[in-house]
1. Filter the stretch 44-78 down to the residues that are of a type in the set (Val, Ile, Thr), touching a residue at least 24 places away in the same chain (Cβ under 8 Å) and assigned to a helix (DSSP H, G or I) and list them by number.
2. For the stretch 20-36, which positions are under 17 Å from residue 57 (Cα atoms) and part of a helix (DSSP H, G or I)?
3. Considering the stretch 6-27 alone, what residues qualify as being within 11 Å of residue 69 (Cα to Cα) and either without any contact (Cβ under 8 Å) to a residue 12 or more places away in the chain or in contact with a strand residue (DSSP E or B) (Cβ under 9 Å, 6 or more places away or on another chain) (or both)?
4. Scan the stretch 44-78 for residues that are exposed (fewer than 10 other Cβ atoms within 10 Å of the Cβ) and of a type in the set (Lys, Arg) and report the count.
5. Here are some conditions: (1) among the acidic types (Asp, Glu); (2) more than 13 Å from the chain's Cα centre (by Cα); (3) closer than 15 Å to residue 15 by Cβ. Residue 76 meets all but one. Which one does it not meet?
6. Exactly one condition in (1) in contact with a Pro (Cβ under 8 Å, 6 or more places away or on another chain); (2) over 19 Å from residue 7 (Cβ atoms); (3) not β-branched (Val, Ile, Thr) is not met by residue 21; state its number.
7. Restrict the check to the stretch 2-21 and report whether at least one residue is of a type in the set (Gly, Ala, Ser) and either surrounded by 14 or more Cβ atoms within 10 Å (Cβ to Cβ) or at positive phi (or both).
8. Please go through the stretch 5-62 and give me each residue that is among the small types (Gly, Ala, Ser) and more than 28 Å from residue 75 (Cα to Cα), ordered by number.
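Just so it is clear, none of the values below were taken in a lab; they were calculated from the coordinates. Computed from a predicted structure; not experimentally measured. All Cβ positions, even for glycine, are placed from backbone atoms using ideal geometry, and neighbour counts span all protein chains on display.
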Amino acid sequence: MKSAIDLFVIDKVREKRKELKYSQRGLAEVLGCSAGFIGEIESKNYVAKYTVHHLYLIAKEFECSPVEFFPPLDSDQF
């Protein structure tokens, strides 16, 4: 099961992916995995989620800080 933080991170990566016009297949190429795996991560029906290494590679490709994918520390949401 995905935690609230997992879902937050996944949503932020999806938002950034779409903003930069990356398809699931394009992001999968960056991570060296299948587009199906990205689909599983973005689906609430699967337990697949990003690793810290994935987030590092995504941030490097998207030219942003990995911090952009995490909730603020003062958030009471988690």
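1. Going through the stretch 44-78, the residues of a type in the set (Val, Ile, Thr) turn out to be 47, 51-52, 58, 67.
Adding the requirement that they be touching a residue at least 24 places away in the same chain (Cβ under 8 Å) leaves 47, 58.
Matches in the stretch 44-78: 58 only.
2. 24, 25, 26, 27, 28, 29, 30, 31, 35, listed by residue number.
3. Residues satisfying the conditions are 11, 15.
4. Qualifying residue count for the region: 1.
5. The single condition residue 76 does not satisfy is (3).
6. Here residue 21 clears every test but (1).
7. Just the residues of the stretch 2-21 that are of a type in the set (Gly, Ala, Ser), to begin with: 3-4.
Still in the list and also either surrounded by 14 or more Cβ atoms within 10 Å (Cβ to Cβ) or at positive phi (or both): none.
No; the residues of the stretch 2-21 include none that is of a type in the set (Gly, Ala, Ser) and either surrounded by 14 or more Cβ atoms within 10 Å (Cβ to Cβ) or at positive phi (or both).
8. Matches in the stretch 5-62: 23, 26, 28, 32, 34, 35, 36.
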